[in-house]
1. List the residue pairs whose Cβ atoms are under 6 Å apart, where the first residue sits in the range 37-51 and is in contact (Cβ under 8 Å) with a residue 12 or more places away in the chain, the second is open to solvent by 40 Å² or more (accessible area, probe 1.4 Å) and of a type in the set (A, V, I, L, M), and the two are 6 or more positions apart or on different chains.
2. Within the range 137-158, track down each residue that is assigned to a loop (DSSP other than H, G, I, E, B), in contact with a helix residue (DSSP H, G or I) (Cβ under 9 Å, 6 or more places away or on another chain), over 22 Å from G94 (Cα atoms) and open to solvent by 80 Å² or more (accessible area, probe 1.4 Å).
3. Return the pair list, or none, for Cβ contacts closer than 7 Å from residues in the range 113-133 that are among the charged types (D, E, K, R) to residues that are part of a strand (DSSP E or B), at least 6 apart or on different chains.
4. Restricting attention to the range 5-25, does a residue exist that is more than 18 Å from the chain's Cα centre (by Cα) and within 30 Å of P118 (Cβ to Cβ)?
5. Here's a check for you: in the range 90-107, which residue that is assigned to a loop (DSSP other than H, G, I, E, B) and of a type in the set (S, T, N, Q) is nearest to the chain's Cα centre (by Cα)?
6. Is one or more of the residues making up the range 118-131 under 15 Å from the mean Cα position of the chain (by Cα), part of a helix (DSSP H, G or I) and of a type outside the set (S, T, N, Q)?
7. Restricting attention to the range 6-62, and to residues there that are polar (S, T, N, Q), open to solvent by 70 Å² or more (accessible area, probe 1.4 Å) and not in a helix (DSSP H, G or I), which single residue is farthest from A89 (Cα to Cα)?
Amino acid sequence: ALAESCDVYFYQVGLAVGVDKLAEVAGACGLGAPTGIALENEARGLIPTSSWKQQRIGRPWQKGETLNVAIGQGYNLTTPLQMLVLVSAIANGGTRYAPQIIQRISTADGKIVRKAKPVVKGRLPFDKKTIEIVKQGLWEAVNTRGGTAKGIQLQHISISGKTGTAQL
């Protein structure tokens, strides 16, 4: 489903678990919240829930809306930086780190004055096996004949990726 960007698979999963469970897991992955980067005015994004829609729009959640949310569209609002943190956590085995702008500060002669330390923001809510399955799907998206990201495949470098469509 990841390799071939099979929306129908994700529609079915979304309907099976519901929008509120999707939101719970997305939140545990760091979506809909600031990443912790040391910049002012970082956008939070939005991961919708049934109660959010009721409070914000005054209407109950419809199952059909879950289909869009399950593929990252509809009311979802994520930032590129949130997605980078999520993909990085998948790549490293599950740890979410706050992005940092400065790795180290050195004097002109190379003496390190300050070195940034990694700041752990949390762990992905998945076991190792699940993370490995996701990593494999992202690799297949680029490196197999049916992969939707095959166009970015490089001859001598193994990369992974995922295609998608920005709705807004």
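The values are calculated or read from the model by the stated rules, or taken from the named source; none is laboratory data. Model, not experiment: these values are computed from the prediction. Quick reminder, even Gly has a Cβ in these numbers, built from the backbone with ideal geometry, and neighbours come from all protein chains shown. Protein only, heavy atoms only, side chains kept; ligands, DNA and RNA dropped before computing areas. Shrake-Rupley method; radii C 1.70, N 1.55, O 1.52, S 1.80 Å.
1. Pairs that qualify, where the first residue is in contact (Cβ under 8 Å) with a residue 12 or more places away in the chain and the partner is open to solvent by 40 Å² or more (accessible area, probe 1.4 Å) and of a type in the set (A, V, I, L, M), are G45/L77; L46/L77.
2. Keep residues of the range 137-158 that are assigned to a loop (DSSP other than H, G, I, E, B), which gives 144-149, 153-158.
Checking the rest, the ones that are also in contact with a helix residue (DSSP H, G or I) (Cβ under 9 Å, 6 or more places away or on another chain) come to 144, 146-149, 153-154, 158.
Add one more test, that the residue is over 22 Å from G94 (Cα atoms), and what stays is 144, 146-149, 153-154.
Across the range 137-158, the qualifying residue is only L154.
3. Partner pairs satisfying both residue conditions: R114/R104; R114/I105; K115/R104; K121/R96; K121/Y97; R123/T95; R123/R96.
4. No, every residue in the range 5-25 fails to be more than 18 Å from the chain's Cα centre (by Cα) and within 30 Å of P118 (Cβ to Cβ).
5. So in the range 90-107, the residues assigned to a loop (DSSP other than H, G, I, E, B) come out as 93-94, 98-103, 107.
Those still in the list that are of a type in the set (S, T, N, Q) too: 100, 103, 107.
Working: Q100: 17, Q103: 23, T107: 37 Å.
Within the range 90-107, the match that is nearest to the chain's Cα centre (by Cα) is Q100.
6. Looking for residues that are under 15 Å from the mean Cα position of the chain (by Cα), part of a helix (DSSP H, G or I) and of a type outside the set (S, T, N, Q), one finds at least one in the range 118-131, hence yes.
7. Residues of the range 6-62 that are polar (S, T, N, Q), as a first pass: 12, 35, 41, 49-51, 54-55, 62.
Keeping just the survivors that are open to solvent by 70 Å² or more (accessible area, probe 1.4 Å) gives 12, 41, 54-55, 62.
Still in the running and not in a helix (DSSP H, G or I): 41, 62.
On the way: N41: 23, Q62: 32 Å.
Once the filter is applied, the top-ranked residue is Q62.
Here is a yes/no grid of residues against (1) among the β-branched types (V, I, T); (2) farther than 29 Å from A38 by Cα; (3) in a helix (DSSP H, G or I):
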| position | (1), (2), (3) |
| --- | --- |
| D109 | no, no, no |
| K135 | no, no, yes |
| S160 | no, no, no |
| T163 | yes, no, no |
